[in-house]
1. What's the local net charge at SER229, with K and R +1, D and E -1, over the other residues with C-beta under 11 Å away?
2. Quick check on packing: order 255-265, 190-200 by the mean number of other C-beta atoms within 10 Å, highest mean leading.
3. What is the sum of charges around ALA213, taking Lys and Arg as +1, Asp and Glu as -1, for the other residues whose C-beta is under 14 Å from the C-beta of ALA213?
4. Shape of region 191-281 from its Cα gyration tensor (a ≥ b ≥ c, root eigenvalues): rounded if a/c is under 1.5, otherwise prolate when a/b > b/c, or oblate?
5. For ASP275 and LYS150, what is the calculated FRET efficiency with R₀ set at 22 Å and r taken between the beta-carbons, to the nearest 0.05?
6. If you roll a 1.4 angstrom probe over the protein chains with everything in place, what fraction of the accessible area of region 38-195 belongs to carbon and sulfur, to the nearest %?
7. Give me the distance between the Cα centres of region 59-123 and region 222-281, rounded to whole Å.
8. Averaging sequence separations of C-alpha pairs under 8 Å and six or more residues apart, then dividing by the length of region 159-222, give the relative contact order as a whole percent.
Amino acid sequence: MSMISKAAAFAGRGRLAGLAVTVAALGIAASTAQAQSFEELRKNGKIVIGIQGENPPWGFVDGSNQSVGFDADVGNLLGKKIGVPVQFERVAVANRIPSLMTGKVDALIAVMGMYPDRAKVVQFTKPYSAIDITLIAKPETSIKSPADLKGMRIAVARASAQDKAVTAAAPDATIQRFDDDSTAIQAFLAGQVDALGANNTYNLSIAKVAPTAQFEVKLDFNRQYNGISVRPGQKQYVEELNAFIDEIKANGELDKIYERWLGQKVPEFPASLPDIPFAVN
């Protein structure tokens with residue numbers, strides 16, 4: 001099955017509805033399906049990395065309009081490993097995969113949760129980070145279980161892990177989907193919704209724009225592991241990226257990034273995940 005066909009089949013199942021149309025409209029050059037490697041990136045003279053632009057501490061923009069954050073630090077280490085400059089391409093949650101599949105970026109380091117439906121479209125490396133997917137609300141909002149979400153208005157970033165978790169847990173809720181994390185957060189802070197599908201770093205984003213806002217975690221859904229994402233079939237590229245992840249874990253560089261941005265040690269990563277291959281056969 002071609003990459004476009006895979007994208008079309010995946011998009012029909014809902015979480016990235018419209019992906020096939022987007023990919024087909026933009027067109028995928030034949031060269032994007034070819035195997036890639038660190039050596040080819042050296043010949044190109046750079047690596048283009050898709051990174052989020054409004055999701056601290058993972059990827060955001062500083063006062064000099066530079067991409068910074070956890071994923072930016074990982075991306076810069078990758079560029080150093082390959083020996084090429086890094087060009088960051090800012091992506092929103094909903095357009096991450098189209099940016100990769102159309103060849104706009106060479107890789108996604110953009111909080112890409114490793115889920116079986118996504119693994120049918122992109123190729124994941126082994127995990128390099130993890131986050132917990134939660135639901136937050138104001139302290140006075142009574143939520144004890146998913147059953148309490150019936151009739152509630154819940155904001156999520158479209159096509160995110162939070163979107164998937166809330167959609168599964170709250171079929172009778174009114175789910176309002178926004179293009180990125182920051183607009184979903186703004187809707188919550190403005191009182192447009194009753195709750196917000198979140199992760200355990202949303203408190204940093206909220207503190208940045210509304211330091212006195214009161215909220216608490218009401219539900220814990222799952223732990224999400226994040227991998228670097230590339231186009232399918234790039235066997236050598238994935239092997240080299242996996243070796244890079246092993247290296248920064250072993251030499252302590254990933255620990256430094258975790259301490260800098262999350263204030264914690266690197267968690268234990270699973271040796272395998274159901275239906276998520278870490279290598280190309």
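1. Details: positive: ARG96, ARG118, ARG231; negative: ASP106.
Within the 11 Å Cβ shell, the charges total +2.
2. Values: 255-265: 14.6, 190-200: 20.9.
Ranked by mean Cβ neighbours within 10 Å, highest first: 190-200, 255-265.
3. Working: positive: LYS138, LYS208; negative: GLU140, GLU216.
It works out to a net charge of 0.
4. On the way: a/c = 2.66, a/b = 1.79, b/c = 1.48.
Since a/c reaches 1.5 and a/b is larger than b/c, the shape of region 191-281 is classed as prolate.
5. Values: r = 31 Å, r/R0 = 1.39.
Result of the calculation: an efficiency of 0.10.
6. Working: 2660 of 5780 Å².
Looking at region 38-195 in its full context, I get 46 percent from C and S.
7. What the calculation gives is 13 Å, centre to centre.
8. On the way: 23 pairs, mean separation 18.5, N = 64.
Rounded, it is 29 percent for region 159-222.
The values are calculated or read from the model by the stated rules, or taken from the named source; none is laboratory data. Bear in mind that the values here come from a model prediction, so they are computed numbers and not experimental data. Cβ atoms come from the backbone with ideal geometry, glycine included; neighbour counts cover every protein chain shown. Calculation scope for accessible area: heavy atoms of the full protein, side chains included, ligands and nucleic acids excluded. Shrake-Rupley method; radii C 1.70, N 1.55, O 1.52, S 1.80 Å.
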